[in-house]
Structures are given as C-alpha cells and as structure tokens.
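Asker: Supplied in structure tokens, the structure appears directly below.
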Amino acid sequence: MFTRFLSFIIALGASSAVWAQADETIRLNQTGMYPQQEKTAVIETAKPGKISIRDAATGKTVLKVKVSRTSTSPWSGKKRAVVDFSRLTAPGQYILSVDGHEQPFYIKEHALRDLTVSAIKSYYLMRSGTAIEKQYAGEYARPLGHADTRVMIHPSAASAERPAGSYIISPLGWYDAGDYNKYIVNSAYSVAVMLLSYEQNRGYYDALNTNIPESNNQTADLLDELMYNMQWMLTMQDPNDGGVYHKLTTPNFEGFVMPTDCHQQRYVVQKSVTATYDFAALMALAARIFKDSKDYPTFSRQAAEAARQAYQWALKNPKALYNQDAMNKKFQPAVNTGTYGDFSAKDEQFWAATELYLLTGESAFLTDAQSTVPGDFRVPAWGYVAPIAQWEWIIHSEANAEMGGKMKTMMLAYCDKQLATTATSSFQTPTGNNAKEFGWGCLAEAFCANGMTFLFAHKVTGQQKYLTAAMQCADYILGRNATGYCYVTGFGLKSPMHPHQRISEADGIKAPMPGLLVGGPNPGQQDNAYGSIKYPSKEPDESYADDMASYASNEIAINWNATLVGMIGWLDNIMK
C-alpha cells in the first residue's frame, strides 16, 4: 500500500530525494524535519479519524497520533485539525496516514542543508554579465547575457563629468527578479541580509560547497557570490561626487526571452538618496566582514571609502528621492521598470549611520544614528531597512549598551506579540494570522524575515520559544500552509513549476531554476484586473496561482531569496 510513495525525484543541487506526490488533505513540511524539532501537521478536516505514522521502508506503525486542537480560519471559516508528533525523533522516512489519506515525510540531520545550498546557488544562476557554465549549472547553462560594457547615462543622471548619452562600464551583478534589470536598493538589502546571517553562522557557511567558479578559493561560497554582486554595485557610484545611481535598466521590461535575445539600450538613471544610503550601509557592513579576506585583500578599504563618500553625498542631497513618474515628465526616454521608490530616507540613514559607526567608531555617525532611531520594531523589507540596523545594535551591543538595550527591548516586544497568536493559528505559526501579513512578497517578509527576527531573539536570549517560532515559519513556507505548496522551486512534493521569471519561462526546460522562493499568497491580485489569472480563492492565505503570468503571487526576487537563505541556513546550523 505504501510502496507507491517510494518513487522519487532528485532536485537539482540536492543530494537527498524528495517524494513524488502530495496528498491535499495533509499539510506538513515536505522538505525534511529535524529529530528534535517540534513536528506538526495540519489536517484539512476538523474531525479526522484514525491517525498513525509508519516507517516507509518496513510498513510498521511507529506512532499513533491524536488531534492536539482544532483551528478555525479567520477568513474562510475552514476548520482544521492540528496534530503533534514531536515525540517521533528517529531519523528516517515515514508516512503519515489519516482516514486513507497518506503523506510521506523525512526526519533527518541537517534537514535544510540541501535547500540552503540550492537557495544560495540560485544566485549563480541569476548572474548577469557572464556565461553560466554547464559544469556548475547543468542543464541551466546559458551564454553570456548583458555584458553591460556600454551602459548609457540617462538624462536624469547627467552631470558635467558624465553627460547624457555618454557611457560607463557596469558589468556583473544579479538579475533582480523576474526581469533583467539591476537595482541598488534591492541589492543592498539582499546582500546585507545574507551577510548578517553569515556573521552569526560563519563556520556553517564556510563549510558549504555550492559548486560555483570560486568554490576552490579561501572564501566561503556565499561570500564569493555576494562579492559578485557588490563588484557591480561599486560601478554604480559616481566617482566624481559619491552619489549612487538608483538602477541599471532598460526603458521597458524585456519580453519573456533569454538574455541573449535582449536588445534594448541599458541606462543608469537618477542618483537617489535612498539608494546612496543603502549603498553606504552595505559597503560599511561588507568592509567589516571582508576585513581580513585573503581572496579580496583590497576590497575592505575600497568599500569603506565608498561608504564614506556615499554617506556625505546623501547628507547633501536629502530630497533626492526616486520618483519615476516625475522623472519621466522631465526626461526621455521614459523609464517604466521597477521603481523601488520611497517616501522617506530616515530609515536608510539610520542603517547607514549605524554601519559606519560600527566600522569606524566615529561619534558623528553615532549621533546621526541616535537622531534617526525608529519608535518600534517592524519586519524588515527593502523599503524599510531600520530593522537591519536594529539587529546590528542588538548583536553589537558592546558598541553602545544603551542603543543595544533599547533595540533589544523593541525587538522582543515585537516577537512576543507575534508568538501570542500561535496558539489559535490555523497552521501552528506565529505569523500569517493577520490578513495584512499576506500580500506582495509575503513569504519573504511575513515568514522568512520574521523567522530571522526570531533567530536574533533566540541568539540574545537563549529562549527556546524563539527558535521554535523560526522553525514554524520555515515549516509554513515548506508545505504546512493553506495551499499545500512547498513554495521553493525544485523542492518538496508540490512546488511551483511556473514562476514569473523570464529565464525559467524562455529556456525550454520543463522545471524552473531550483531554489527560488516565490512571493506567495496575495489577495490584492494586482495582476488579475481582467480575470486572466486563475486564482483558486480570494482568501488571504489561499490567493496564490502557480502561473507564469501571476507576477503578484508567483514572481521570484533576490531580496525574497536573501531572507530564505538567511533563515534556513541559520536554522540548519543550530538545529543540526
């Protein structure tokens, strides 16, 4: 009876097998569970009958399970049964059975290692300006696209030294999301999130081999990959004044074609205060992390100087916010790609001042950081980076005990408020229990970024409840949710096959690039004005469509994957 589950597929970059099919009645983590973690499944009925777990290899029943509680969706009213089988700790392959429905799962050491490697490797597959080689990418190999050796200065970015229509060289970096452009704001946030996770888990990331061209040097593969993007970012700073161009872009999004088939002129556009502060913050952070690098011996000094110059430009240009609509009224060609606009640079200045103080110890940066402190803690995102600085003050409280203590109090109050919702949640999670937590990129922000916040809370308190909460966030995105999807491509029993990403759509390969986190349920359905997307529901946690056209729920992005890498790598290090 159970043998039909023993067929499996192998995810690219993963050394362990994943089962070939899923049962829609049972929702659980489809990627793997750790021996000592809390283990929970959710049944799509309020009153299931007999529930048991058996060994997949022998067919022997190893555990009988009872319903722990019944949950009720605050939106759909659906009633579900929550079952706990945490006392099952022996590594192995098992099958959970409920009234004739069956779902396989794993218990194993380093349950998220393969996923962590693949999520990091996805950045290699997203590289711009280089050939993606078969020895590293397998079937996802492709020729060089977007060399970016003749990037034009847009009229909005013109200066005496760099007039409109002149060219700069700005190669390397990653494609940002489903499109082919490169954006400073999102790049800075993405790299920083992964650097902070690296700083807390150095030995773990140092030991990972992701099979990229730099794998045999003396630097962690993760840092090598981040360096590939930062080398591009450095070219986006105007050496004449220290300001940073907001983005490198075509006037309009390319079609769903491969990079070699893209022919629009690429531009750098307006220098913005938010991009420049973000750049300054990241470069100061990276200067600390790479201080003793053997492979990049000059980078730390270069990054530190770039950070200082950028910070000074931003101080002098506080009103240089990026407003694409206003820009298009003044300059041609009009630019219609992603904006990454913002209405305030206060949080960006707080982050930049924080990182520069931690790098230099200079009192002027401390004064600026103290004058821009937020009044509370909120989940981080590309458009609200204050939490990154708050994490930094908490972890580096020795730099200023008052700031560290204040930020810690804010963060723990936030975490405890989130944890209070778990007991009545639909899927045994501290997040995803408020309709406002679902929307564009919610899996990254409401779950992964929150998961990282819980991990910082665990780091500074040692309290198990925060580690459990982080693991619950991971369980949600890996299958214990309202749609039954493992939301990372190439993993789990039911994962996205049609992400909104140009390469995965145009490369002729059936399976999308692996290791990519999709945006997730989005009740706004901004892509469905004409009813062309077949969303299964309008309920907040069910409004997801595995459809290439669904950019509102099924796009991928470097910032979303950054929080995935940051959370699951950290979890895999400490859960073992």
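Asker: Quick check: is even one residue across the stretch 274-287 assigned to a loop (DSSP other than H, G, I, E, B) and surrounded by 20 or more Cβ atoms within 10 Å (Cβ to Cβ)?
Answerer: Initially, the stretch 274-287 is screened for residues assigned to a loop (DSSP other than H, G, I, E, B), giving none.
Scanning the stretch 274-287, I find no residue that is assigned to a loop (DSSP other than H, G, I, E, B) and surrounded by 20 or more Cβ atoms within 10 Å (Cβ to Cβ), so the answer is no.
Asker: Failed condition for residue 262, given (1) farther than 16 Å from residue 162 by Cα; (2) over 24 Å from the mean Cα position of the chain (by Cα); (3) open to solvent by 30 Å² or more (accessible area, probe 1.4 Å), with all others met?
Answerer: The failed condition is (3).
Asker: Related question: Being within 29 Å of residue 572 (Cα to Cα), modelled with pLDDT of 95 or more, open to solvent by 50 Å² or more (accessible area, probe 1.4 Å) and out of contact with any Gly (no Cβ under 9 Å at 6 or more places or on another chain) is the requirement here; does residue 86 meet it? Walk me through it before giving the result.
Answerer: Details: within 29 Å of residue 572 (Cα to Cα): yes; modelled with pLDDT of 95 or more: yes; open to solvent by 50 Å² or more (accessible area, probe 1.4 Å): no; out of contact with any Gly (no Cβ under 9 Å at 6 or more places or on another chain): yes.
No.
Asker: What is the one condition in (1) crowded, with 24+ Cβ neighbours inside 10 Å; (2) in contact with an Asp or Glu (Cβ under 9 Å, 6 or more places away or on another chain); (3) assigned to a loop (DSSP other than H, G, I, E, B) that residue 490 does not satisfy?
Answerer: (2)
Asker: Here's a follow-up. Determine which single condition residue 146 fails, assuming it passes every other condition in (1) farther than 26 Å from residue 267 by Cβ; (2) of a type outside the set (Ser, Thr, Tyr); (3) touching a residue at least 12 places away in the same chain (Cβ under 8 Å); (4) touching a Lys or Arg at 6+ places or on another chain (Cβ under 8 Å).
Answerer: Exception for residue 146: condition (1).
Asker: Any residue at all in the stretch 495-506 that is closer than 25 Å to residue 431 by Cα and of a type in the set (S, T, N, Q)?
Answerer: Checked the stretch 495-506: at least one residue is closer than 25 Å to residue 431 by Cα and of a type in the set (S, T, N, Q).
Residue-wise test of (1) open to solvent by 20 Å² or more (accessible area, probe 1.4 Å); (2) modelled with pLDDT under 95; (3) more than 30 Å from residue 328 (Cβ to Cβ); (4) among the hydroxyl-bearing types (Ser, Thr, Tyr).
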{"residue": "125", "(1), (2), (3), (4)": "no, no, yes, no"}
{"residue": "128", "(1), (2), (3), (4)": "no, no, no, yes"}
{"residue": "140", "(1), (2), (3), (4)": "no, no, yes, yes"}
{"residue": "160", "(1), (2), (3), (4)": "yes, no, no, no"}
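Asker: Here is a further query. If I ask for residues that are in contact (Cβ under 8 Å) with a residue 60 or more places away in the chain and open to solvent by less than 20 Å² (accessible area, probe 1.4 Å), which ones from the stretch 518-536 would you list? If you could, list the steps in order and put the result at the bottom.
Answerer: Initially, the stretch 518-536 is screened for residues in contact (Cβ under 8 Å) with a residue 60 or more places away in the chain, giving 518-524, 526.
Listed by number, the residues that qualify are 518, 519, 520, 521, 522.
Asker: For the stretch 352-429, list the helices (runs of 4 or more DSSP H) that sit wholly inside it and hold at least 2 residues that are within 24 Å of the chain's Cα centre (by Cα) and free of Cβ contacts under 8 Å to residues at least 60 places away in the same chain; which are they?
Answerer: Details: elements: 363-371, 386-395, 401-419.
Where helices (runs of 4 or more DSSP H) fall fully within the stretch 352-429 and carry at least 2 residues being within 24 Å of the chain's Cα centre (by Cα) and free of Cβ contacts under 8 Å to residues at least 60 places away in the same chain, they are 386-395, 401-419.
The values are calculated or read from the model by the stated rules, or taken from the named source; none is laboratory data. Note that the structure is a prediction, hence the values are computed from the model and not measured. Neighbour counts are summed over all protein chains in view; Cβ atoms, including those assigned to glycine, are modelled from backbone coordinates with ideal geometry. Only protein heavy atoms, including side chains, enter the accessible area calculation; ligands, DNA and RNA are left aside. Shrake-Rupley method; radii C 1.70, N 1.55, O 1.52, S 1.80 Å.
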